[in-house]
1. By per-residue mean of other Cβ atoms within 10 Å, what is the highest-first order of B:373-384, B:253-264?
2. Efficiency by 1/(1 + (r/R0)^6): what FRET value for A:E70 and B:L128, r their Cβ-Cβ distance, R0 = 22 Å, to the nearest 0.05?
3. With r defined as the distance between the Cβ atoms of B:N250 and B:N387 and R0 fixed at 25 Å, what FRET efficiency is calculated, to the nearest 0.05?
4. Taking the Cα-to-Cβ direction at A:L11 and at B:R42 and moving 7 Å from each Cα, how far apart do the two end points lie in nm?
5. Mean separation of Cα pairs under 8 Å and 6+ residues apart, divided by the residue count of chain B: what relative contact order is that in percent?
6. Taking each residue in A:37-49, count the Cβ atoms of any other chain within 10 Å of its Cβ, then average. What number comes out?
7. Below 8 Å, C-alpha to C-alpha, sequence gap of six or more: please give me the relative contact order for chain A in percent.
8. Principal axes first, then extents: for the Cα atoms of chain B, list largest minus smallest coordinate on each axis, whole Å, largest first.
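Derivation of every value follows stated rules applied to the coordinates shown; laboratory data play no part. Bear in mind that the values here come from a model prediction, so they are computed numbers and not experimental data. All Cβ positions, even for glycine, are placed from backbone atoms using ideal geometry, and neighbour counts span all protein chains on display.
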Amino acid sequence: MTANNVRQIVLDIIADIAPDEDVTSIDDSKSLREQLDLDSMDFLDIVMELRKRHKVEVPQEDYPKLATLESCVSYLSPKFA
Amino acid sequence: MDDTQRIVMTGIGLTAPNGNNLEEFRQNLLACKSGIQHAEIRYMGKQAAGFCNFDEFKYQSKKLRRRGTRAGSISIYCANEALKDSGINFEAVDKSMVGVYLGITEHGNVETEEEIFQMHQNNLDWKLWSPHHNPRTVSNSPAGEVTLNLNITGPHYTLGSACAGGNVGIIQGVQQLLLGEVDLALAGGISESSQTFGIFAAFAAQGALAHHDDPTLASRPLDKNRNGIAISEGGAVYVLERLSDAKKRNAKIYCEIVGYAINSDASDFVNPNSERQVECMHKAIKRAGITVSDIDILNMHATGTGTGDVNETQAVRVAFAESSKTYVNFTKGHIGHCMGAAGALELAGNIPSFTDGVVHPGMNVTELDPECVVKNLVINEPKLIGNVNYILNNSFGMLGINSALIVKKYS
């Protein structure tokens, strides 16, 4: 799976979790929480959806690696390999 | 009586299976327009049920709707509509003196069933259980969602009172205003019951789930061939204020709440007790300082079950034996049983009678059950009776909870 595919997977999940937000203009290098109205419960939802939709597990200690779209792609790509 | 000790209704917000505001609801009650349809219920297939089609996003963001519950969404819609209807400048209101009191039949079944369903769809992976489950299912949840939505910092809670919930929520609002705990109450009842399969399955197991090839005929209280309850969702929330406050802001006043009572059968888990129902109605009438003959309209709880309707009509015959002018109707033929919302919604449907002098009919009675005969029963067609001063609203529930609420035309 390409990095772009992984990026799209994460974007699709964020779009479902934060349906009022425009996810098309996200800066990949900036913190997601700074750009979108996301709180800690939303990040739990992201982790939950990764598990439900793609059987990808994110242990609690790795949650900080989901801070930006860029770091999401870097962290998750090997798990989708 | 001192105006600070008189409680009035100054705003109504509602959603029912046949209407999303009072005007639409009333018109459809008068026109005998049913809100019951056939819907696919999980595991069970096609069932007669009532669903509301209000705009969930009129007052709530998509994100918060997703995070909350259907019951919360109904509550938020009704509370906002009630405030809008009241004409109050809510921005200027001291939010710490606003209370939210919502009657519920049950809460959390929808969310719990969904989590279990999803877990079974995913090889019993319990780690998929949502972190939102607890805040969604705590029993104050629907009222709490209203406070989050409207930035209300006064008290909020729900009143678990089975299908008497709508009346009980209003009564709680009245009592808290009289105690001086709040200056404004958002009070009523709500239900998301038709979103869960469990309630359908349980009534089916009891042999008390309404069915008919034409879903609009499924709910037929007092009819000889009635076969049970059509399960519905809905909500009605009222703005309640002390008369002194309502006068100060020159508010439109729908009516005054002058009597109420809640009692218990102490006799059975599900079967009603007509003696206790009579006591409840008489207690409310006594509190109002009137006699049975003063009641112009009595809205029966009348769910459409075999024993429930017989018990209640027996209670009404006894309670109103000395009244020749009380007209009797019911609402569940139109909208099914809106559970925790039933009492509050059914009261709302009758309140316009204070101004138009018309009693809306109970619908779907093709052949009146001889055991359900009561004086002055209004069925299938509206009846113009002229001046209406008092309305009594019955609402009863499982475990033997009875409630009666009396409202008076404001003058």
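1. B:253-264, B:373-384
2. Efficiency, from the Cβ-Cβ distance: 0.20.
3. That gives a FRET efficiency of 0.50.
4. In this crude label model, A:L11 to B:R42 measures out at 3.3 nm.
5. About 24 percent, as a whole number.
6. Details: counts 2, 1, 1, 1, 5, 3, 0, 3, 5, 0, 2, 6, 1.
For this peptide, the per-residue mean of nearby foreign Cβ atoms is 2.
7. 42 percent.
8. Computed over chain B, the largest-to-smallest principal extents equal 64, 53, 39 Å.
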